[in-house]
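Bear in mind these aren't lab numbers, they're just calculated from the coordinates by the rules spelled out. This is a predicted model, so every value here is computed, not measured. So basically every Cβ, Gly included, is an ideal-geometry build from the backbone, and we count neighbours across all protein chains shown.
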Amino acid sequence: LLTEAVDRQKPGLPPPSFPAPLVGARRPPYDVLVVGAGFAGSVLAERLAADAGKRVLLCDRRPHVGGNAYDHLDEAGILVHRYGPHIFHSNSEAVVAYLSRFTEWRPYEHRVLVALGERLLPMPINRTTINRLYDMDLSSEAEMRAFLISRAETIDPIRTSRDVVVSQVGEELYRLFFEGYTRKQWGLDASQLDKSVAARLPTRETVDDRYFLDRFQAMPLNGYTRLFENMLDHDRIRIELGVDYQDVKSPTIATHTIFTGPIDEYFGHRFGALPYRSLAFRHETLDRRRFQPVAVVNYPDAAVPYTRTTEYKHLTGQVHRKTSISYETPQADGDPYYPIPRPENEALYRRYADLAAECRDVTFAGRLGTYRYYNMDQVVGQALATYRRLTQTVREAAAV
Ligand code: FAD
Ligand code: UDP
């Protein structure tokens, strides 16, 4: 799927020492130390233990597995996502087939509404959004296309997220749907962000109001945490939770380390800190069955501090007389949730990636380890590709 991060090995360097040849008589207690039990770390731990027969120590500084995809029953017994709504969607058959070993699925297609004053309109912008907003009756894709062309501004070349949106829908729709939300989400104007951010939500000429168009869209039937527990249920995987890398790292614990935390943290921020965006979540349970008509409502209004509200029962299909929701407010400080895609950050990341390529006994993976704004399926695809590269090296070494 995405091999970019694993192809970053410098040409001319010897292959990484995986596993390193034994030095002296003592064999380390583990072959691999995996740092971080999110999708990146857990997939690699599972493959290394179950497929390559390695002894794996998996640690996470949080008290649970699953990383940001962690879900749990709250006090009312409602399944919620502690770190905000996670909807699985993918076009990769290989990734879906792999994850399907650890979970059954509940079909679910995500729909999002944007609150504009009293109105709730479908997002990404589609024909229904425009018809409702302007009280129009665009009845075909051709009519919608003509409408968009009448609004769109010519921008060449398209570099930033603002360029992407204004060149598709024009200034007014940009201001209504993107400007405020993006400023809140990133603490930056869309003109300061890479085009890839807004390109996640292309405008549609159809009335398809699904948030994602991927071929496979579903939720793990019994939740993400259960999926992780099934994935990690292996004799050769030992899990240490509430344990930071700093607490376990030692030259004698394992021959190889896989690090899925922030790459700049691993290197002691020696070139300066990579910027990440953080989030604060306010979770509430309400004494009513329904709070909002869809799982997620977005709030582009700059006067509203949060970006979105999530009602979890829509995602899980759970039936309960109460309902649990969360408010999501972006912030600068706190746990790193999002790498911030913009050229200067990518340049700084490259310096760390070059350093990483010199380190033969550590491999970086995941959203924080490779500073990539990846969805879950992309992280799984990257982890599977990383595993193939690691074992390929061993096979080649064995053949010599
Ligand atoms: P993480 O899940 O962040 O896991 C990294 C783990 O490493 C963490 O548990 C952390 O505690 C641990 N760690 C870090 N440093 C250390 C250390 N020094 N010592 C020990 N442990 C350490 N993707 C989708 O596909 N669909 C969605 O709907 C979706 N919604 C999202 C909503 C939000 C609010 C966010 C923030 C992300 C969303 N994502 C979504 C993206 C998804 O969360 C990620 O793609 C995926 O979870 C990343 O997995 P990971 O293993 O790379 O990182
Ligand atoms: N976005 C926006 N308005 C919205 C939804 C999204 O401006 O109503 C922009 C915003 O910059 C956001 C980006 O599009 O960060 C990507 O949105 P997505 O929903 O994919 O973000 P995620 O779920 O990863 O937070």
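At a glance:
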quantity	calculated
Placed amide H near His110: partners under 5 Å, 5+ positions off or other chain	Tyr211, Phe212
Computed magnitude of the charge dipole of the chain (debye, nearest 20; Cβ of K, R +1, Cβ of D, E -1)	720
Rounded tilt (10° steps) of 161-173 against the dominant C-alpha axis of the chain	20
Cβ-defined net charge surrounding Ser167, 11 Å radius [Lys, Arg +1; Asp, Glu -1]	0
Total formal charge among the other residues, if their Cβ is under 11 angstrom from that of Tyr387, Lys/Arg +1 and Asp/Glu -1	+2
Range of Cα positions in the stretch 297-372 per principal axis (Å), largest first	56, 32, 18
In Å, descending, principal axis extents of the Cα set of the stretch 177-259	56, 34, 21
Net dipole in debye of the stretch 122-198 [+1 Lys, Arg Cβ; -1 Asp, Glu Cβ; about Cα centre; nearest 20]	240
Surrounding net charge for Asp156, when Lys and Arg each add one and Asp and Glu each subtract one, Cβ distance under 15 Å	+1
Tilt relative to the chain, helix 141-151 - C-alpha long axis, 0 to 90 degrees, to 10	90
Listed residue (Thr128, Phe178, Leu148) projecting farthest to the positive dipole end of the stretch 122-198, Cβ model	Phe178
Within the stretch 285-305, backbone nitrogen closer than 12 Å to the virtual label 7 Å beyond the Cα of Arg321 toward Cβ	287-289
Rh by Kirkwood over Cα pairs, then Stokes-Einstein D for the stretch 268-400 at 1.567 mPa s and 4 °C, µm²/s	71
Set of lysines with alpha-carbon distance to Lys195 below 29 Å, sequence-local pairs under 8 removed	Lys10, Lys184
Helix-derived mean residue ellipticity, 222 nm - over the chain, DSSP H n ≥ 4, -39500 (n - 2.57), to 500	-8500 deg cm²/dmol
Unit Cα scatterers, Debye sum, the stretch 203-342: log10 I(q)/I(0) for q = 0.14 Å⁻¹	-1.07
Per-pair calculated FRET efficiency, R0 = 22 Å: Tyr373 and Thr329 via Cβ, rounded to 0.05	0.70
Residue-span extension gain [Thr393 to Glu229] - 0.36 nm each, minus C-alpha spacing	56.1 nm
Viscosity 0.692 mPa s, temperature 37 °C, Stokes-Einstein D of the stretch 359-400 from Kirkwood C-alpha radius, µm²/s	289
The stretch 122-198: C-alpha pair distances exceeding 18 Å, %	40
Taking the stretch 122-198 and dividing mean pair separation by its residue count, relative contact order in percent (alpha carbons under 8 Å, at least six apart)	26
Contact order normalised by residue count of the chain, Cα under 8 Å, 6+ apart, percent	28
Space enclosed by the convex hull of the alpha-carbon atoms of the chain, per residue, Å³	158
Cα-based helix-to-principal-axis angle, 343-358 vs the chain, degrees rounded to 10	20
Furthest towards positive pole of dipole, Pro157, Ser139, Val197, structure part the stretch 122-198, Cβ charges	Val197
